[in-house]
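Data first, discussion second: the structure below is written as structure tokens.
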Amino acid sequence: LIANVSHDLRTPLAYIQGYLETLLMKKDDLDPERLTKYLQTSLEGTERLKNLVDELFELSRLESGNRKLDPEPILLAELVADVMKPFQLQATEKGIELNMDVPIELPAVNADLALLDRVFQNLISNSIKYCNQGDSVSVKAERISENAIQVFVEDTGPGIAKENLSKIFDRFKRGDQLHREGTGLGLAIVKGILDLHQCEYGIKSEERKGTQFQFTLAIYRPLT
Ligand code: ADP
């Protein structure tokens, strides 16, 4: 873990430092365009560092057992609509269709709102990140028994190679080494949250066909 973190922290730190040193040395000779570019790149580096540190913090809280569940009744149709809305623009710009099939009549589930929100955020943002123009991303939910609702987050994107599938929930596992923009912690956080809720979950994926994440949530039962 430390080796991975050090590597991921060092790369953006090194280029932020490089750009800032250049700015300091050449500040009087740089044209405005170059100046903006150097500042922009430094800012992107700090954003990347911030994401990584935030995700590490969140993951360590989940894995240490310090994050206690604060369950409440949640209407999935409302939560999913709220989570999807801010992704719409990004999806449209990439030519990706977002679909939601979560019936409003489904009973409320019993879950920690902030954490369940995070699960949807991570899964939907991954699907949008890895999908290409013409693909679609769908969130579906259905009641599968007296006590449970099954949720699917699926896409028609590039899929995950078979040899990576079993390790995809591990920290820092990146299926496609070309995609260096991710932190490799998103699915480890999803796993930590679903484990904390004692949910069953799984993933199916086929290269060039798409990926389907599935998890089961308990229906809320008021105390009688
Ligand atoms: P990252 O920050 O790299 O996205 P994640 O833990 O969220 O880290 O995901 C781990 C890896 O799983 C990704 O690097 C990517 O290779 C693969 N992956 C996750 N979701 C998808 C998806 N919807 N389609 C294709 N590959 C995916």
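The values are calculated or read from the model by the stated rules, or taken from the named source; none is laboratory data. Predicted, not measured: the structure shown is a model, and the values here were computed from it. Counting neighbours? That spans all protein chains shown, and the Cβs are built from the backbone with ideal geometry, glycine included. The accessibility values were calculated without ligands, DNA or RNA, using every heavy atom of the protein model including side chains. Shrake-Rupley method; radii C 1.70, N 1.55, O 1.52, S 1.80 Å.
Below, the figures for the structure above:
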quantity	calculated
Residue in region 163-173 that is part of a loop (DSSP other than H, G, I, E, B), over 24 Å from Ile96 (Cβ atoms) and open to solvent by less than 50 Å² (accessible area, probe 1.4 Å) present	yes
The one condition in (1) in a helix (DSSP H, G or I); (2) within 14 Å of the ligand (Cβ to nearest atom) that Gln214 fails to fulfil	(1)
Residue within region 120-134 that is among the basic types (Lys, Arg) and surrounded by 14 or more Cβ atoms within 10 Å (Cβ to Cβ) present	yes
Residues located in region 174-221, provided they are at pLDDT below 95, polar (S, T, N, Q) and open to solvent by less than 40 Å² (accessible area, probe 1.4 Å)	Thr183
Of all residues in region 1-19 being open to solvent by less than 90 Å² (accessible area, probe 1.4 Å) and of a type in the set (A, V, I, L, M), the one that is modelled with the lowest pLDDT	Ala3
Qualifying residue in region 85-98 (condition: surrounded by fewer than 16 Cβ atoms within 10 Å (Cβ to Cβ), part of a strand (DSSP E or B) and touching a strand residue (DSSP E or B) at 6+ places or on another chain (Cβ under 6 Å))	yes
Residues of region 182-211 that turn out to be more than 8 Å from the ligand (Cβ to nearest atom) and at positive phi, as a count	2
Qualifying residue in region 103-122 (condition: within 8 Å of the ligand (Cβ to nearest atom) and at pLDDT 95 or above)	yes
Among (1) β-branched (Val, Ile, Thr); (2) more than 23 Å from Ala77 (Cα to Cα); (3) buried (at least 21 other Cβ atoms within 10 Å of the Cβ), the one test that Thr224 misses	(3)
Residue, most open to solvent (accessible area, probe 1.4 Å), within region 46-79, restricted to residues that are of a type in the set (A, V, I, L, M) and closer than 18 Å to Arg171 by Cβ	Val53
